[in-house]
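The values are calculated or read from the model by the stated rules, or taken from the named source; none is laboratory data. Nothing here was measured: the structure is a model prediction, and the numbers come from that model. Reconstructed Cβ throughout: ideal geometry from the backbone, glycine too, with neighbour counts over all protein chains shown.
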């Protein structure tokens, strides 16, 4: 029989599964806006490029399921903060979750923020910091992303 202390140690050393879900709900010629959920809880808004046949730097990525990992600032030439890297996107690479406010800031990536409006999200730094804090609190590993269009 497992002791209470063994159970606590196992809980602390076993990484949690982290599930991210983006539900895209607003589509314009300039952007795609959605909502981001972390393990079923609404976290923030998202802003991406419009769908442009998955072209690099100008299109959002296809709907689907992706693995994600934490990416340290030292791994990036342009991001000086902890952010997320979406892995195995067909015909694409370096798709990030990062800070930014307008569709011009996305470059094919996913921006997070609060108080979205057409083609724009606010408070991106705050949203990114909160998202990273929550992911780290959950162990920071085994991150799964599902993207769906409404």
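So the values come out like this:
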{"read-out": "Single residue of region 77-97 satisfying the filter (assigned to a loop (DSSP other than H, G, I, E, B) and touching a residue at least 40 places away in the same chain (Cβ under 8 Å)) that is surrounded by the fewest Cβ atoms within 10 Å (Cβ to Cβ)", "value": "81"}
{"read-out": "When residues of region 40-51 are limited to those that are assigned to a loop (DSSP other than H, G, I, E, B) and surrounded by 13 or more Cβ atoms within 10 Å (Cβ to Cβ), the one nearest to the chain's Cα centre (by Cα)", "value": "49"}
{"read-out": "Candidate set from region 111-132 (those that are at pLDDT below 95 and assigned to a loop (DSSP other than H, G, I, E, B)); member that is nearest to residue 71 (Cα to Cα)", "value": "119"}
{"read-out": "Yes/no for residue 108 being within 30 Å of residue 29 (Cβ to Cβ), touching a helix residue (DSSP H, G or I) at 6+ places or on another chain (Cβ under 7 Å) and part of a loop (DSSP other than H, G, I, E, B)", "value": "no"}
{"read-out": "Conditions (1) touching a residue at least 12 places away in the same chain (Cβ under 8 Å); (2) surrounded by fewer than 20 Cβ atoms within 10 Å (Cβ to Cβ); (3) over 15 Å from the mean Cα position of the chain (by Cα): number failed by residue 74", "value": "(1)"}
{"read-out": "Among the candidates 140, 100, residue that is closer than 17 Å to residue 73 by Cβ, part of a loop (DSSP other than H, G, I, E, B) and in contact with a helix residue (DSSP H, G or I) (Cβ under 8 Å, 6 or more places away or on another chain)", "value": "100"}
{"read-out": "Residue 130 being within 13 Å of the chain's Cα centre (by Cα), within 19 Å of residue 35 (Cα to Cα) and surrounded by fewer than 18 Cβ atoms within 10 Å (Cβ to Cβ)", "value": "yes"}
{"read-out": "Criterion (within 14 Å of the chain's Cα centre (by Cα), surrounded by 12 or more Cβ atoms within 10 Å (Cβ to Cβ), outside any strand (DSSP E or B) and at pLDDT 95 or above) met by exactly one of 147, 135", "value": "135"}
{"read-out": "Flag if residue 37 is in contact with a helix residue (DSSP H, G or I) (Cβ under 8 Å, 6 or more places away or on another chain), within 18 Å of residue 22 (Cα to Cα) and outside any loop (DSSP other than H, G, I, E, B)", "value": "no"}
